[in-house]
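The values are calculated or read from the model by the stated rules, or taken from the named source; none is laboratory data. On a predicted model such as this, the values are computed, not experimentally measured, just so you know. Methodologically, a virtual Cβ is constructed for each residue, glycine included, from the backbone with ideal geometry; neighbour enumeration extends over all protein chains shown. Just so you know, the surface numbers come from the protein's heavy atoms only, side chains and all, with ligands and any DNA or RNA stripped out. Shrake-Rupley method; radii C 1.70, N 1.55, O 1.52, S 1.80 Å.
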Amino acid sequence: MAAHQEKKLAEERKHQNMQNDTKASQGQWGRAWEVDWFSLASILFLLMFAPLIVYYFIMSCDQYQCSLTDPLLDLLTGNKHLSDIWNRTPTLTYRAAGIYALWVTFQVVLYMSIPDFCHKFLPGYVGGVQEGAVTPAGVVNKYEINGLQAWIITHVLWFANASCFHFFSPTIIFDNWIPLLWCANILGYAVSTFAMIKGYFFPTNAKDCKFTGNFFYDYMMGIEFNPRIGKWFDFKLFFNGRPGIVAWTLINLSFAAKQQELYGEVTNSMILVNVLQGIYVLDFFWNEAWYLKTIDICHDHFGWYLGWGDCVWLPYLYTLQGLYLVYHPVQLCTAHAVGVLMLGLLGYFIFRMTNHQKDLFRRTNGNCRIWGKKPEYIECSYVSVDGTKYYSKLMTSGFWGWARHFNYTGDLMGSLAYCLACGFEHILPYFYIVYMTILLTHRCIRDEHRCCSKYGKDWKRYTAAVPYRLLPGIF
């Protein structure tokens with residue numbers, strides 16, 4: 001009898017430990033379970049003002065030659081009223097709606113209907129069907145990686161039209177820039193709302209959903225971890241990469257075409273912005289399979305933050321340098337242009353090599369060479385929602401021995417180069433480096449909070465080995 005009772009107590013303790021492990025693992029993956037007042041205030045601020053921020057920047061260029069202060073001065077001095085500014089803003093048009101609907105439909109077709117063929121003839125490129133990281137529920141999703149192919153097809157058609165067919169003007173994006181903004185907002189809000197409804201009533205995987213009970217937080221940060229329609233249409237992969245990032249280079253090309261139309265030339269600053277941002281976009285699609293292991297796919301749920309952000313914030317605020325140069329063409333001196341190019345290329349080199357070292361380390365499970373020698377690392381473990389224990393390794397050598405997020409450092413160097421290409425006459429093009437600094441610093445903090453919860457004491461060992469986040473010896 002005593003032995004039976006002892007066995008029963010042992011089983012209860014085991015069950016309780018499993019529940020505790022599961023609860024802990026749930027808290028360490030993705031977004032929060034509970035919402036504090038600061039998080040809620042931040043969410044409400046972004047929901048209310050992020051769309052207005054985008055409108056303010058675009059309106060400033062359209063009506064005030066990209067001055068961020070003149071609209072405020074007009075309003076404060078009474079020279080203009082909000083209604084005056086709003087009435088001068090182009091409205092949604094059938095033409096813009098048709099262009100945008102055709103664009104999104106075309107990207108859906110490229111994403112869903114044409115299996116990747118680039119990996120069959122491009123050495124080193126990883127495309128086709130690939131596996132993502134394990135989700136909180138222990139699921140490993142499969143993805144059709146064909147973003148590079150979609151980018152190539154889209155741009156081949158763009159240049160074919162510009163040089164041969166002439167179905168539309170290369171300036172079509174700039175000429176419909178604000179009407180397209182309204183279309184992007186409609187899609188962003190529509191997909192975010194649909195994702196929330198789907199999370200409540202027909203989630204792809206109920207175990208990968210999180211509910212806080214706070215409508216605003218759940219709407220913005222998302223409920224479902226990997227919402228899907230059918231087997232292959234993954235909301236996060238599609239909206240993170242298509243249509244916004246494919247459009248990024250097309251938008252810049254349209255701005256360059258407008259500069260040529262208005263001034264009879266394309267300045268070296270516009271060329272620099274097109275080249276440097278084009279490298280970044282191509283890098284994204286060349287390494288799309290690697291992107292499946294990043295914070296966006298591995299930890300963020302899909303809500304307004306990603307849905308609206310990828311439809312509106314990314315294409316409209318990440319392209320401010322090209323837009324600014326349409327209104328203020330800048331011809332840089334040779335030294336300035338070379339300096340911007342070198343800074344951008346160095347930043348890209350650091351960004352790419354840092355990520356390459358991490359990817360190589362993961363793929364080989366540490367059986368590789370970094371800077372000519374075997375990498376150093378700390379072994380860690382964590383538990384998923386289903387109670388399964390996993391093991392991982394955190395590298396402490398190479399660029400990852402310099403700082404815990406040195407890839408972000410390279411990213412920031414490239415971002416600064418885009419801004420410096422625009423000269424120093426206005427602050428508007430420098431919004432990007434300010435925003436990226438805030439974004440990537442916040443990502444550092446989010447990622448490290450999550451890793452601390454996930455790895456526990458192992459994470460403290462890692463931070464002791466690599467004490468700096470972004471800048472060795474400083475931060």
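Filter the stretch 315-352 for residues that are open to solvent by less than 60 Å² (accessible area, probe 1.4 Å) and farther than 30 Å from ASN176 by Cβ and give the result.
If the condition is that a residue be open to solvent by less than 60 Å² (accessible area, probe 1.4 Å) and farther than 30 Å from ASN176 by Cβ, then HIS336, ALA337, GLY339, LEU341, LEU343, GLY347, ILE350, PHE351, ARG352 are the ones that fit.
Consider GLY199 against the criteria (1) farther than 30 Å from THR388 by Cα; (2) in a helix (DSSP H, G or I): it satisfies all of them except one. Which criterion is unmet?
(1)
Give, as residue ranges, the helices (runs of 4 or more DSSP H) completely inside the stretch 239-291 that count at least 2 residues that are within 29 Å of SER192 (Cβ to Cβ) and modelled with pLDDT of 95 or more.
244-263, 268-286
Looking only at the stretch 318-335, count how many residues are more than 15 Å from ASN274 (Cα to Cα) and either outside any loop (DSSP other than H, G, I, E, B) or at pLDDT below 95 (or both).
3
Name the residue that is farthest from PHE406 (Cα to Cα), counting only residues in the stretch 424-475 that are aromatic (Phe, Trp, Tyr) and open to solvent by 60 Å² or more (accessible area, probe 1.4 Å).
Looking at residues that are aromatic (Phe, Trp, Tyr) and open to solvent by 60 Å² or more (accessible area, probe 1.4 Å), I get PHE424.
Check the stretch 36-55 and report whether any residue there is open to solvent by less than 40 Å² (accessible area, probe 1.4 Å), touching a Leu at 6+ places or on another chain (Cβ under 9 Å) and modelled with pLDDT of 50 or more.
Scanning the stretch 36-55, I find at least one residue that is open to solvent by less than 40 Å² (accessible area, probe 1.4 Å), touching a Leu at 6+ places or on another chain (Cβ under 9 Å) and modelled with pLDDT of 50 or more, so the answer is yes.
The conditions are (1) modelled with pLDDT of 95 or more; (2) in a loop (DSSP other than H, G, I, E, B); (3) open to solvent by less than 30 Å² (accessible area, probe 1.4 Å), and GLY307 fails exactly one of them. Which is it?
Going through the list (1) modelled with pLDDT of 95 or more; (2) in a loop (DSSP other than H, G, I, E, B); (3) open to solvent by less than 30 Å² (accessible area, probe 1.4 Å), GLY307 breaks only (2).
In the stretch 50-58, is there at least one residue being touching a Ser or Thr at 6+ places or on another chain (Cβ under 8 Å) and of a type in the set (A, V, I, L, M, F, W, C)?
No: the stretch 50-58 contains no residue that is touching a Ser or Thr at 6+ places or on another chain (Cβ under 8 Å) and of a type in the set (A, V, I, L, M, F, W, C).
Name the residues in the stretch 321-353 that are within 22 Å of GLY398 (Cα to Cα) and of a type in the set (Gly, Ala, Ser), would you?
Answer for the stretch 321-353, where residues must be within 22 Å of GLY398 (Cα to Cα) and of a type in the set (Gly, Ala, Ser): GLY344, GLY347.
Please indicate, with yes or no, whether at least one residue in the stretch 380-401 is touching a Gly at 6+ places or on another chain (Cβ under 8 Å), closer than 30 Å to LEU52 by Cβ and not assigned by the TED database to the domain that holds LEU276.
Scanning the stretch 380-401, I find no residue that is touching a Gly at 6+ places or on another chain (Cβ under 8 Å), closer than 30 Å to LEU52 by Cβ and not assigned by the TED database to the domain that holds LEU276, so the answer is no.
Would you mind finding the one in VAL104, VAL134, VAL126 that is surrounded by 14 or more Cβ atoms within 10 Å (Cβ to Cβ), modelled with pLDDT of 95 or more and among the β-branched types (Val, Ile, Thr)?
VAL104
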